[in-house]
1. Scan segment 5-18 and report the pairs whose first residue is touching a residue at least 40 places away in the same chain (Cβ under 8 Å) and surrounded by 15 or more Cβ atoms within 10 Å (Cβ to Cβ) and whose second residue is among the hydroxyl-bearing types (Ser, Thr, Tyr) and in a helix (DSSP H, G or I), with Cβ atoms within less than 6 Å and a gap of 6+ or a chain change.
2. Just name the residue that is nearest to Arg204 (Cα to Cα) out of those in segment 314-341 that are in contact with a Gly (Cβ under 6 Å, 6 or more places away or on another chain) and at pLDDT 75 or above.
3. If I ask for residues that are assigned to a helix (DSSP H, G or I) and within 19 Å of Pro228 (Cβ to Cβ), which ones from segment 295-315 would you list?
4. Are any residues in segment 102-127 part of a loop (DSSP other than H, G, I, E, B), under 29 Å from Ala27 (Cα atoms) and of a type in the set (A, V, I, L, M), and if so, which ones?
5. Starting from residues that are touching a residue at least 60 places away in the same chain (Cβ under 8 Å) and within 16 Å of Thr214 (Cα to Cα), keep the ones in segment 277-290 and report whichever is least open to solvent (accessible area, probe 1.4 Å).
6. Looking at (1) modelled with pLDDT of 90 or more; (2) aliphatic (A, V, I, L, M); (3) open to solvent by 20 Å² or more (accessible area, probe 1.4 Å); (4) closer than 16 Å to Leu30 by Cβ, find the lone condition where Val177 falls short.
7. Return a yes/no flag: does segment 169-186 have any residue that is farther than 21 Å from Ser85 by Cα and in a helix (DSSP H, G or I).
Amino acid sequence: MPISPLAGLCLLTAIFYLNFFARIVFAPLLPRMEESLALSHGEAGSFFLFLSCGYFVALLGSSLLAARVSHQQIIGWSMLTISGSLLLIAAGDSLPFLRGAFFLLGLTTGLYLPSAVATISALYASHQWGRVFAVHELAPNLAFLSAPLAASLMLAYLDWQQSILLLAVLSFCAGIVYLRFGRGRDHHGKAPDLATWRQILRQRDFRLLVLLYTMGISGTLGVYSVLPLYLVTDHLMPLQQANTLVGLSRIGTLLTTLLGGWLADRFGNRRTMAAVLFFSGVTTSCIGIAHGPALFTLIILQTSIAVCFFPAAFSVLAGFTAPETRNVVISLAVPVAFVWGAGL
């Protein structure tokens, strides 16, 4: 018996939390990984680029998979394969092996988003999308909040490899649960074809949306990925204190994400995205020159503002084309934006 739309949304949000957590937990673990594996900043930072490239490939090819298997199966199996990728990372002891494992983690985590957006937009009417996607966007913001705090707690008792093993077990259990109870069992995507791709890529609004999405990802995931290391190396902050600050700075995002959904439904997606990107850009620039209490205040302000972008952005993506080609739009727009915004 299928679960209700509300329960389906909550389960997808929980799955998205673990999916996102698996991608970002390496930022607070990075200083310890550098020390353990004797890596330079550039070598350690390259893990995010390889993860982004894997994410790019998965998103670009996800519509091929969605045409053959259901969205429910894609979401469930992505969590199972994420677990396997994390096991490889935990076992890695060389730079080439770890780069390959991070690329695989990008592949496995990248399968989720197109199927999730298609499933959610099928469960709710379009006038509810701003608020519904705001609830779904609580997952990455909760991950941003909890990952640094969880990393500090785990590193007090475990090494970084054991911490990753724990996450692998949770991801595996989540995959089993979604395959049993998740929504989207009867929903498939449309296989991409050159005509569909050309029709989408020719649209000026689509190209502009990719650019805006790049800026949105850069202001959230891009800043987050380097912030702990920046605080440790440039501001000489202890690792535990840096991770705690980065985690606590995300508390406000749990409210501002919902605010972003309300603003999108109230004032329109275009105005909301423009205002959020402007103020996010201003505060991000100021982080690079601030010190002391002003730096802490700006980090909290920047994170709270930047996350308001995504409820409006997902609403635009979901309504950009017909329901059967929504997964194609996601698979074209997000990978380019992710590589530029979170990788390069």
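The values are calculated or read from the model by the stated rules, or taken from the named source; none is laboratory data. Since the structure is predicted, the reported quantities are computational estimates derived from the model, not experimental observations. Neighbour counts are summed over all protein chains in view; Cβ atoms, including those assigned to glycine, are modelled from backbone coordinates with ideal geometry. Each accessible area value is taken on the protein alone, full model and side chains, heavy atoms only, with ligands, DNA and RNA left out. Shrake-Rupley method; radii C 1.70, N 1.55, O 1.52, S 1.80 Å.
1. Ile15/Tyr178; Leu18/Ser171
2. Narrowing segment 314-341 to residues in contact with a Gly (Cβ under 6 Å, 6 or more places away or on another chain): 315, 327, 341.
This time we only want the ones that are at pLDDT 75 or above, so: 315, 341.
Working: Ser315: 18, Gly341: 20 Å.
This residue is Ser315.
3. Restricting attention to segment 295-315, the residues satisfying the condition of being assigned to a helix (DSSP H, G or I) are 295-306, 309-315.
Hits for segment 295-315 are Leu295, Phe296, Thr297, Leu298, Ile299, Ile300, Leu301, Gln302, Thr303, Ser304, Ala306.
4. Of the residues in segment 102-127, the ones part of a loop (DSSP other than H, G, I, E, B) are 110-111, 124-125.
Next cut, under 29 Å from Ala27 (Cα atoms) only: 110-111.
Residue satisfying the conditions is Leu111 alone.
5. Pass one, segment 277-290, residues touching a residue at least 60 places away in the same chain (Cβ under 8 Å): 277, 280-281, 284, 287.
Checking which are within 16 Å of Thr214 (Cα to Cα) leaves us with 277, 280-281, 284.
Working: Leu277: 35, Ser280: 9, Gly281: 35, Thr284: 47 Å².
Applying the filter and picking the extreme gives Ser280.
6. (4)
7. Filtering segment 169-186 for residues farther than 21 Å from Ser85 by Cα gives 180-186.
So of that shortlist, the ones also in a helix (DSSP H, G or I) come out as 180-181.
Looking for residues that are farther than 21 Å from Ser85 by Cα and in a helix (DSSP H, G or I), one finds at least one in segment 169-186, hence yes.
Matching residues to (1) among the hydrophobic types (A, V, I, L, M, F, W, C); (2) surrounded by 21 or more Cβ atoms within 10 Å (Cβ to Cβ); (3) under 17 Å from the mean Cα position of the chain (by Cα); (4) closer than 30 Å to Leu194 by Cα:
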| residue | (1), (2), (3), (4) |
| --- | --- |
| Ser36 | no, no, no, no |
| Ala58 | yes, yes, yes, yes |
| Ala90 | yes, no, no, no |
| Ser94 | no, no, no, no |
